[in-house]
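Here is the structure we will look at.
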Amino acid sequence: MICFMKLLSISNLHVQSKNNIMLLSKDIKSVDELKKYFADPQKMVDHLVDLLSFFEFKRVFKILDPIKKRGFAMSQVFSLILLFPFLHHASVHALFKSGNSKLASGQKDVYYRFKNRVDIPWRRLLINFVRRFLVIVELRGQSGKPGERCLIIDDSLLGKTGKAIEFVGRLWDHVTHGSKLGLRLLLSCYYDGKSTIPVDFSIHREKGKNDQKPYGLTKKQLKGQYRKCRQADSQGCKRESETDKTKSEVGMEMIKRALGYLPVDYVLMDSWFTSGAMIQCVRGYTKQNVHLIGMMKMGNAQYSYEGKLYGADQLQRMGKRMGLMNRCRKLNASYIVMEAEYKEYPVKLFFSRFGQRGKWHLILSTDTSLGYMRLMELYQIRWTIEVLFKEGKQYLNLGGCQSKDFDAQIADTTITMIQYILLTLRKRFDDYDTRGEIFRDVGEQMQERTLHARLWDLLVAVMKIIMESFDIIIEDIDVCIARLINQDKLKGILELLSPNHKVILS
């Protein structure tokens, strides 16, 4: 079998780039264009790894291999795990039960131990991929324009099936409006003007207000959960410490880390995260002039307007009485714009109501130069993180890891984020409409390659039986068959074995 590390040394991926990409496209078009890269089923893995090679694995993996001194190289193990979705395998167990197990280096325990390690700096590894992504698009002249670069913060529930999973608990699901067993994923994404990629994440649990059933579980269930002792200075211990921190606290840490290496114009968030502390975190960063745009609840928050404090409802009614209400035909919305102060920071308040009987919504911006349409254009970018959640769960098995070990949960989520970055780069180059189409097309090609490999093994076995039956001694059956192919002796057989009656082996 071809060595994965040798494949990673390939330096060029010959694909055509396109500059204009829709922010959100709901049209599903043909993805036959992808087939020109995978027309030869025998080279399917080569093409996939060729795409990965753009990230210069030796550079992004340099933090992995020094950790392990003996056995299989971590970068080699990690390379195969990245290909799981394209092989239609959701887990290590599924790989070793399939016909693709020959791709693996070592037994399945190698991969389980890899994901359970406490010393792998998964956050740094993800950041390395993010940095490399930005370098690649810049070298290809596809960098986003200043003024549209946004950092997005949001959370999502990762459903789990076992109460024995470390730190698992019952959480409120805003989609189904009920409690669900799982973990809470807090994610920060970066939109560079064309694409959205994940840059950082943390996993949380929530204790809740019921002291009799903390985390929504009984004391017996909590006692039966998996427990692991981690060294105080290990990477796993650092990620474990985040589980009981508030999402706002960890979110601000994420923002500070991201602003340290990403050019950002706006930080976008929904009403759960928008607060005075968040504004202070964003506006207090002095190395970049970054603004915050966030949804606010029409609740008890107080805003200073002309020296007096008012609630959101009061300001909205006041604006209406003052004749500040306008109409946006393009969005079929009524809106009121007012400048005020929130937590001593100058802000612009945008009250919007869609339709005649819709509820009023409030969006706050620390950039007081924005107009209503421009604000809406920027805030809609926040929706791309929802798309990431959906696509990650649907195609990349985001949250599907059922390992009891929390370190494996961190590893699996990081791998999913890196897979998403790889597909985003491919979409960026080829201007596909949906990543789902890419998964289906690539997955079918991988399955086709597997079928061809099995048929070839069957043909070799049959030829061996025939030759042994006639007492024919041949040192290398594969060399013999290759010679027969070159002489068109086996062309008819191969055409019958190949889909659409095309010869696949040469």
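The values are calculated or read from the model by the stated rules, or taken from the named source; none is laboratory data. This is a predicted model, so every value here is computed, not measured. Ideal geometry is used to build each Cβ from the backbone, glycine not excepted, and the neighbour counts take in all protein chains shown.
What the table shows:
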read-out: Any hit, segment 269-289, residues being β-branched (Val, Ile, Thr), outside the structural domain of Ser188 (by TED's automatic domain parsing) and more than 26 Å from Leu134 (Cα to Cα); value: yes
read-out: Answer from Ser365, Ser334, Ser403 - the residue that is farther than 23 Å from Lys308 by Cα and not assigned by TED's automatic domain parsing to the domain that holds Leu222; value: Ser334
read-out: Boolean, Gln225 is in the same structural domain as Leu157 (by TED's automatic domain parsing) and either surrounded by 18 or more Cβ atoms within 10 Å (Cβ to Cβ) or under 28 Å from Arg113 (Cα atoms) (or both); value: yes
read-out: Any chance Met298 is over 26 Å from Pro146 (Cα atoms), touching a residue at least 12 places away in the same chain (Cβ under 8 Å) and in contact with a Leu (Cβ under 9 Å, 6 or more places away or on another chain); value: yes
read-out: Filter pass, Val199 being under 15 Å from Ile385 (Cβ atoms), out of contact with any Lys or Arg (no Cβ under 7 Å at 6 or more places or on another chain) and either outside the structural domain of Thr246 (by TED's automatic domain parsing) or not in a strand (DSSP E or B) (or both); value: no
read-out: Some residue of segment 293-303 being out of contact with any Gly (no Cβ under 7 Å at 6 or more places or on another chain), exposed (fewer than 15 other Cβ atoms within 10 Å of the Cβ) and not assigned by TED's automatic domain parsing to the domain that holds His174; value: yes
read-out: Qualifying residue in segment 203-212 (condition: at negative phi, free of Cβ contacts under 8 Å to residues at least 60 places away in the same chain, surrounded by 15 or more Cβ atoms within 10 Å (Cβ to Cβ) and in a helix (DSSP H, G or I)); value: no
read-out: Every residue from segment 138-169 that is in a strand (DSSP E or B) and either surrounded by fewer than 19 Cβ atoms within 10 Å (Cβ to Cβ) or more than 20 Å from the chain's Cα centre (by Cα) (or both); value: Gly159, Gly169
read-out: Strands (runs of 3 or more DSSP E) lying entirely in segment 238-328 (those with 1 or more residues that are within 28 Å of the chain's Cα centre (by Cα)); value: 266-269, 291-296
read-out: Filtered residue count, segment 383-392, keeping only those that are in contact (Cβ under 8 Å) with a residue 24 or more places away in the chain and surrounded by fewer than 22 Cβ atoms within 10 Å (Cβ to Cβ); value: 6
read-out: Flag if Lys238 is in the same structural domain as Phe129 (by TED's automatic domain parsing), out of contact with any Phe, Trp or Tyr (no Cβ under 7 Å at 6 or more places or on another chain) and not aliphatic (A, V, I, L, M); value: yes
read-out: Selection from segment 305-343 of residues that are surrounded by fewer than 11 Cβ atoms within 10 Å (Cβ to Cβ) and touching a residue at least 40 places away in the same chain (Cβ under 8 Å); value: Lys330
read-out: Residue within segment 394-407 that is under 30 Å from Lys228 (Cα atoms), touching a Pro at 6+ places or on another chain (Cβ under 7 Å) and assigned to a helix (DSSP H, G or I) present; value: no
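A quick yes/no check of all residues on (1) without any contact (Cβ under 8 Å) to a residue 24 or more places away in the chain; (2) within 30 Å of Phe429 (Cβ to Cβ):
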site: Glu138; (1), (2): yes, yes
site: Gly159; (1), (2): no, no
site: Asp173; (1), (2): yes, no
site: Leu185; (1), (2): no, yes
